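The structure under discussion appears below in the form of structure tokens.
Nothing in this text is a laboratory measurement; each read-out follows from the coordinates by a stated rule. Predicted, not measured: the structure shown is a model, and the values here were computed from it. All Cβ positions, glycine included, derive from the backbone under ideal geometry; neighbour counts span all protein chains shown.
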Amino acid sequence: MRVLKFGGTSVGSVENMIQVKDIINDQEKKIVVLSAMSGTTNALVTISEYIKTRDTAKASARIDALEVSYVHTIQSLFTNEEVLYDVQEYVQDIFYYLRATTAKTYDQFIYNTVVSYGELLSTYIFSAYLRQEGIKVQLLPALDFMRIDRNNEPDNFYIRQNIHRIIDELPAANIYITQGFICLDVDGEVSNLQRGGSDYTATIIGAAIRAEEVQIWTDIDGFHNNDPRFVDTTTPISNLSFDEAAELAYFGAKILHPQTVMPVRELDIPVRLKNTMAPTSHGTLITNKVHGEGIKAIAAKDGITAIKIKSGRMLLAHGFLKKVFEIFERYETAIDMITTSEIAVSLTIDDATHLVPIVEELERFSFVEVDQQQSIVCLVGNSIIYHHQTHKLFQILQDVPIRMISYGGSHNNISLLIHSDHKVATLQRLHTYLFDNVTA
Ligand code: ADP
Ligand code: ASP
Ligand code: MG
């Protein structure tokens, strides 16, 4: 069985839903994972922010506008009166619950509940549409099997057991539709896999059912060699290894949620990225095979904080780094990049939630400097650090003020830390000289 995930744009308009129907309507058994319709989760996040600030009028206005857009969509999607009536009722119920939350006091549970409505809406609407078109489908409610544990990791045993049980209990169908992104937490409350998490849902399910392949259908023809939002001449990459895809996703390539390849890497289940609007184009195949050498792709991650820790005494004195790392561990804050010199260590974090107490503790035995609004630019490719072209990088970047560089941590990755103001120019400059065959 395959798992096919369709992102927000793919289910974001009537035309695209028709396209998705045509892609999935063959005789093969499959699980289809859907995101919320494009724009919906962002709207729900805004609404939850208004609830947080007790801006009830603004929350209500945003809810009204969102409901109008759903009413339009379903009116143009459904020709069968009975199905239309049923879907209208479901949508009205969801908006009723959404309005009810605006009167409540904001907490994490309210946020999680509010943002879960997007996927509930898209899967209900799309499965009703398939039924209207005479296609047999079954809805698999994600909240009946998708659960995370105490460490916010997928509870694989529970997921595997329950998804099989639910499929066995349901009448047979070729197409099972489920919600991406949403799950239950360890206490059984509604939660989610973080923004962009539907990709992760797809591979978690892929691993649970030992799928032959996981397909991520989106609005672009595969993984490009640079971020197409900032660089015009990017091109798709036909093949990536799990390691390369994992590095790129972790370091900011928006096309994949950072954890996407984790569940399937060990099981060697291929992940194929495809374009819903151009289904015949090759896209990108991610497997354990390594293709080619040298710099293959560039990605960037924003919102990085750099922390420089200088020691009054000899820095690399026995036990110093241990003391530093223990502080970050205590605050469950992951370190991305790290460089050392004789008197200082510089490192980066992307989660600054506990920055203040971390700095306070570090200052007990060192001098600390913090720089925010940094970006990591990450270059990825097989054996990148040995490749004869890689030295060009340093020539190209002569004019870019690099704050840190990480080279040699793995064979696949070179990372640069720069101020976010320089990100777009750096991506463009690297692209021109590395991929557009311009000489530095
Ligand atoms: P979906 O809603 O289908 O999950 P996303 O918006 O999350 O889609 O991801 C697709 C988008 O990711 C593309 O439209 C593109 O703008 C952006 N993107 C960023 N980096 C890359 C890259 N390296 N390759 C392809 N797309 C990328
Ligand atoms: N709808 C969720 C989001 O916008 C999950 C996803 O699209 O993957 O973040
Ligand atoms: Mg996405």
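A few notes on this one:
- Histogrammed with a bin width of 10 Å, the alpha carbon distances of the chain distribute as 4, 19, 26, 26, 17, 6, 1, 0 percent, first bin at zero.
- The stretch between Ser420 and Asn174 holds 83.9 nm of extra length on full extension. This uses 0.36 nm per residue minus the Cα-Cα distance.
- For segment 34-64 versus segment 195-260, the inter-centroid distance based on Cα atoms is 27 Å.
- Net lengthening on full extension, Thr432/Leu267 (0.36 nm per residue, minus Cα-Cα): 55.7 nm
- Only helices enter this figure: runs of n ≥ 4 DSSP H residues, each worth -39500 (n - 2.57), summed and divided by the residues of the chain, yield -12000 deg cm²/dmol at 222 nm to the nearest 500.
- Taking N as the residue count of segment 232-386, its C-alpha radius of gyration divided by 2.2 N^0.38 Å amounts to 1.28.
- Here the relative contact order of the chain, from alpha carbon pairs under 8 Å that lie six or more residues apart, stands at 13 percent.
- Placed amide H near Gly12: partners under 5 Å, 5+ positions off or other chain: Ser38
- In segment 32-158, a dipole from Cβ-located charges (positive for Lys and Arg, negative for Asp and Glu) runs towards its positive end, and of Thr123, His72, Ser60 it is Ser60 whose Cα lies farthest in that direction.
- Backbone geometry of segment 49-62 corresponds, through the Karplus equation with coefficients 6.51, -1.76 and 1.60 at θ = phi - 60°, to 3J(HN,Hα) couplings of 5, 5, 5, 4, 8, 6, 8, 4, 5, 5, 4, 5, 4, 5 Hz, x marking Gly and Pro.
- Residue-wise HN-Hα coupling along segment 383-398, computed from phi with Karplus coefficients 6.51, -1.76, 1.60 (Hz; x: Gly, Pro): 6, 4, 6, 9, 6, 5, 7, 4, 4, 4, 3, 6, 5, 4, 8, 3
- Student exercise, segment 229-272 dipole from Lys, Arg, Asp, Glu Cβ charges, in Debye to nearest 20: 220 debye
- In this structure, Thr46 and Arg195 have a Cβ-Cβ separation that, at R0 = 22 Å, corresponds to a calculated FRET efficiency of about 0.95.
- Residue (of Thr339, Ala100, Gly283) at the positive-pole extreme of the chain, dipole from beta-carbon charges: Thr339
- Counting DSSP beta bridges with both ends in the chain, the antiparallel % (nearest 5): 60 percent
- Straight-distance candidates among the lysines for linking to Lys423, with alpha-carbon spacing under 30 Å and chain neighbours fewer than 8 residues away dropped: Lys254, Lys274, Lys296, Lys301, Lys308, Lys310, Lys392.
- Considering only Cys378, Ala211, Ile159, the residue lying farthest towards the positive end of the dipole of the chain is Cys378, judged by Cα position with unit charges set on Cβ.
- As a rough guide to protection, the peptides 228-237, 182-191 ranked by mean Cβ packing within 10 Å, highest first, stand as 182-191, 228-237.
- Peptides ranked, highest mean first, by Cβ atoms within 10 Å: ranges 154-164, 6-16: 6-16, 154-164
- Site pair Arg229 and Lys29 shows an inter-label distance of 3.9 nm when each label is modelled 7 Å from Cα along Cα→Cβ.
- Proximity of backbone amide H atoms, modeled 1.01 Å from N, is registered between Leu139 and Ile177 at under 5 Å, excluding neighbours fewer than 5 places apart on the same chain.
- Under-5 Å amide H pairs with His387, H placed in peptide plane, nonlocal only: none
- Both radii come from the Cα set of segment 391-440: Rg as radius of gyration, Rh as Kirkwood radius; their ratio Rg/Rh reads 0.95.
- With a simple spin-label model that places each label point 7 Å from the Cα along the Cα-to-Cβ direction, the separation between Ser341 and Ser281 comes to 4.5 nm.
- Separation of the Gln88 and Asp187 label points, Cα + 7 Å toward Cβ, nm: 4.0 nm
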